[in-house]
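S.K.: I'd like to ask some things about the structure below.
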Amino acid sequence: MPETQKGRILLAMTGYNSRQWYEILSQEREVVTEPSGAADPSITYAVVWKQQPNLLSKLPNLRVIFSVGAGVDHILSDPTLPDVPIVRVVADNLTQHMTDYVLWRVLDHHRQGMLYRAQQKRRVWREPPQRPANDVSVGIMGFGELGRAAAGPLLAAGFRVNGWSRSEHSMTDVATFHGEKGLTPFLNATDILVVLLPLTPDTTGIINYRLLKQLRKRNGLGGAVLINAGRGKLQKDADIIKALDDGILKEASLDVFEVEPLPKTSPLWNHPRVFVTPHSGATSDATYLAPPMLEQMDAFERGEKLKNLVDRKAGY
Ligand code: NDP
Ligand code: OXD
């Protein structure tokens, strides 16, 4: 395609600062933003985060939808989503952010950061019992791009690692489980549960009281630990609080919530054993993620296959 015929981009982001994306994408292609581009027949690509429902169906010549995130539930929830390929983010930069988050939260819970911070506030000098990492199993629920990447550094830090996915996977030194049948043995062998699942009809509400009860509860640790950086609607916020209060969970780190931003009235904010971050586990940095998107558009126009395509039937 000659330079002048490069497909135009609609940038449609809700609750997201799109300025940097606009600046980078518009260096190479014409970019329009809502609402001016809403019904524009010249739009070939849509780059989106939580686009307004029914917006994309108005674009008669839309060829590809690009998610600015790894998850695509925010796109697939649109009831009139046009039947065009969806490309999601798979990128070293985003993966590194998530690996950092997982390591940070696992190590902080493991080395009892919550307890020490509370002790420090009260000037308490007390050493609690501490198990070494090789006596603790971290179970990664959602053993995909992000889950598998986090496994290596966790192993290197000495933890035992379990992985659970929909289909069968194997990884050196990791105990892998899959499907419904694999879920209970996976949970029974897990002390610290790290959730990195996508939100699909099958996974909605999966992190509930019944599931949390199946986590391993080792003597001396005072309950299992939950870390959710997948999606908020995977979990039942109220069940997490009940599991914490019943001693099933010792602590939780939550990056995602049923309702975001987390409402000011949520008891999770003040719970002494919950660590809250504002859906910032792995940020989508346009500096790193927009250039490969532009490269994919160029490749598509040369007739090459798109990479990192979403399986719409599976929902991720
Ligand atoms: P992938 O698609 O690479 O991995 C998803 C994993 O979940 C796969 O292992 C998949 O199994 C598994 N899975 C999906 N459905 C089921 C199911 N029903 N039962 C068991 N396992 C299932 O995604 P990523 O690793 O790239 O990202 C994971 C999620 O992380 C995203 O969808 C997003 O929601 C979230 N995320 C959150 C961020 C944050 O800032 N908090 C940032 C980025 C992503 P299989 O391998 O068999 O396909
Ligand atoms: C993502 C996210 O899906 O930021 O990438 O949540």
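The values are calculated or read from the model by the stated rules, or taken from the named source; none is laboratory data. These numbers were taken from a predicted model, which means no experiment stands behind them. In this analysis, Cβ positions are derived from the backbone assuming ideal geometry, glycine residues included, and neighbour counts consider all displayed protein chains.
S.K.: Only one residue in Gly179, Gly142 is more than 16 Å from ligand 2 (Cβ to nearest atom), under 26 Å from His74 (Cα atoms), touching a residue at least 12 places away in the same chain (Cβ under 8 Å) and under 22 Å from the mean Cα position of the chain (by Cα). Which one?
M.R.: Gly179
S.K.: Search region 270-291 for residues being assigned to a helix (DSSP H, G or I) and surrounded by fewer than 19 Cβ atoms within 10 Å (Cβ to Cβ), and hand back the single one that is nearest to ligand 2 (Cβ to nearest atom).
M.R.: Ranking the candidates gives Tyr288 first.
S.K.: Does any residue of region 97-107 turn out to be within 25 Å of Leu154 (Cα to Cα) and away from ligand 1 (no atom under 16 Å from the Cβ)?
M.R.: Kept after step one, since they are within 25 Å of Leu154 (Cα to Cα), are these residues of region 97-107: 97-107.
From what is left, the residues that are away from ligand 1 (no atom under 16 Å from the Cβ) are 107.
Yes, because at least one residue in region 97-107 is within 25 Å of Leu154 (Cα to Cα) and away from ligand 1 (no atom under 16 Å from the Cβ).
S.K.: For the list (1) touching a residue at least 40 places away in the same chain (Cβ under 8 Å); (2) closer than 24 Å to Gly71 by Cα, I need the number of the one condition that Asp191 fails.
M.R.: Unmet for Asp191, out of (1) touching a residue at least 40 places away in the same chain (Cβ under 8 Å); (2) closer than 24 Å to Gly71 by Cα: (2).
S.K.: So for region 19-42 (the condition being touching a residue at least 12 places away in the same chain (Cβ under 8 Å), within 16 Å of ligand 1 (Cβ to nearest atom) and either in a loop (DSSP other than H, G, I, E, B) or closer than 22 Å to Gly232 by Cα (or both)), does at least one residue qualify?
M.R.: no
S.K.: Within region 275-289, which residues are hydrophobic (A, V, I, L, M, F, W, C) and away from ligand 1 (no atom under 16 Å from the Cβ)?
M.R.: none
S.K.: Could you name every one of the strands (runs of 3 or more DSSP E) located completely within region 133-194 that has at least 1 residues being surrounded by fewer than 19 Cβ atoms within 10 Å (Cβ to Cβ) and of a type in the set (A, V, I, L, M, F, W, C)?
M.R.: Qualifying strands (runs of 3 or more DSSP E): 174-178.
S.K.: Go through (1) over 30 Å from Arg117 (Cβ atoms); (2) surrounded by 19 or more Cβ atoms within 10 Å (Cβ to Cβ); (3) in contact with a strand residue (DSSP E or B) (Cβ under 8 Å, 6 or more places away or on another chain) one by one and return the number of the condition Ile248 breaks.
M.R.: Answer for Ile248: the failing condition is (1).
S.K.: Still on this structure, I have one more. Taking the condition of being surrounded by 20 or more Cβ atoms within 10 Å (Cβ to Cβ) and not hydrophobic (A, V, I, L, M, F, W, C), how many residues in region 251-266 meet it?
M.R.: Qualifying residue count for the region: 3.
S.K.: When you go through Ile241, Ile227 one by one, which is the residue that is assigned to a strand (DSSP E or B), at pLDDT 95 or above and within 26 Å of Leu107 (Cβ to Cβ)?
M.R.: On the way: Ile241 fails: assigned to a strand (DSSP E or B).
Answer to the check: Ile227.
S.K.: Does region 182-208 hold any residues that are under 19 Å from the mean Cα position of the chain (by Cα) and more than 18 Å from Glu145 (Cβ to Cβ), and which are they?
M.R.: Within region 182-208, Ile192, Leu193, Pro201, Asp202, Thr204, Gly205, Ile206, Ile207, Asn208 meet the criteria.
S.K.: With the checklist (1) farther than 25 Å from Ala299 by Cα; (2) within 16 Å of ligand 1 (Cβ to nearest atom) in hand, flag the one item Gln52 doesn't pass.
M.R.: Here Gln52 clears every test but (2).
S.K.: Let me ask something else. Looking at region 117-134, is at least one residue without any contact (Cβ under 8 Å) to a residue 60 or more places away in the chain and within 15 Å of ligand 1 (Cβ to nearest atom)?
M.R.: No: zero hits.
S.K.: Considering each residue of region 293-316, count those that are on the phi < 0 side of the Ramachandran plot, surrounded by fewer than 17 Cβ atoms within 10 Å (Cβ to Cβ) and out of contact with any Ser or Thr (no Cβ under 9 Å at 6 or more places or on another chain), and give that number.
M.R.: Number of matching residues: 12.
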